[in-house]
Amino acid sequence: MAYRECSALRSNGFKRARSSVLLPAVFAVFLLSAGCATVGRDFPDELVSRITAHETTREQIRSMFGPPWRVGLEDGQRTWTYGRYRYSIFKDASTKDLVIRFDRKGVVSSYTFNTTEHRE
C-alpha cells in the first residue's frame, strides 16, 4: 500500500513538473505565431498579364489560377477574387489580390490586380 501511494505521488509530481514546463513553451510558441497571419491563398500572379478583357473566359481563368478564393457580385456581375494577405508585427505586410468581373456570358469584362510586392 505504501508503495502505491509513493508511486502515485511521484507520478503526480512528474505530471505537475511536466505541465509547468510545457505551459510556458506552448505560450511562447503562441506569442511567436500570433505575430504573423496569412489570409487567402497564393496564386501565380505572373499569369495576370495573360488576361484580356472581353476575350478571356471563366474556364481559362480557372485553368490559370484554379478555383477562386472568394466569389461575389459587383453591380450584377459575377466576381472572382484571388488573394493572399500576409501580415506580421515583425516586418511589412505582403499582399496581392486579383478581382475579376465576368459578363453574363462568362467572359472577363474587367479585372484589377494589386500588390505590395513591387517589381518596378
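The values are calculated or read from the model by the stated rules, or taken from the named source; none is laboratory data. Just so you know, these numbers come straight off a predicted model, no measurement behind them. Positions of Cβ are generated from backbone atoms using ideal geometry, with glycine treated the same way; all protein chains shown enter the neighbour counts.
Inclusion of S109 among residues that are surrounded by 14 or more Cβ atoms within 10 Å (Cβ to Cβ) and at pLDDT 95 or above is warranted. Confirm whether T81 is touching a residue at least 12 places away in the same chain (Cβ under 8 Å) and assigned to a strand (DSSP E or B). Judged against the criteria, T81 is a match.
Residue-wise test of (1) within 13 Å of Y111 (Cβ to Cβ); (2) at pLDDT 95 or above; (3) out of contact with any strand residue (DSSP E or B) (no Cβ under 8 Å at 6 or more places or on another chain); (4) not in a helix (DSSP H, G or I).
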site	(1), (2), (3), (4)
S33	no, no, yes, no
V39	no, no, no, yes
D42	no, no, no, yes
E59	no, yes, yes, no
R62	no, yes, yes, no
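Of all the numbered requirements in (1) surrounded by 11 or more Cβ atoms within 10 Å (Cβ to Cβ); (2) more than 29 Å from C36 (Cα to Cα), E59 misses one, and that requirement is (1).
Specify the residue that is nearest to L47 (Cα to Cα); the eligible residues are those in the stretch 102-120 that are assigned to a strand (DSSP E or B) and under 22 Å from the mean Cα position of the chain (by Cα). Checked the stretch 102-120; the qualifying residue nearest to L47 (Cα to Cα) is F113.
If you go through the stretch 17-24 one residue at a time, do you hit one that is at pLDDT 95 or above and exposed (fewer than 10 other Cβ atoms within 10 Å of the Cβ)? No, because not a single residue in the stretch 17-24 is at pLDDT 95 or above and exposed (fewer than 10 other Cβ atoms within 10 Å of the Cβ).
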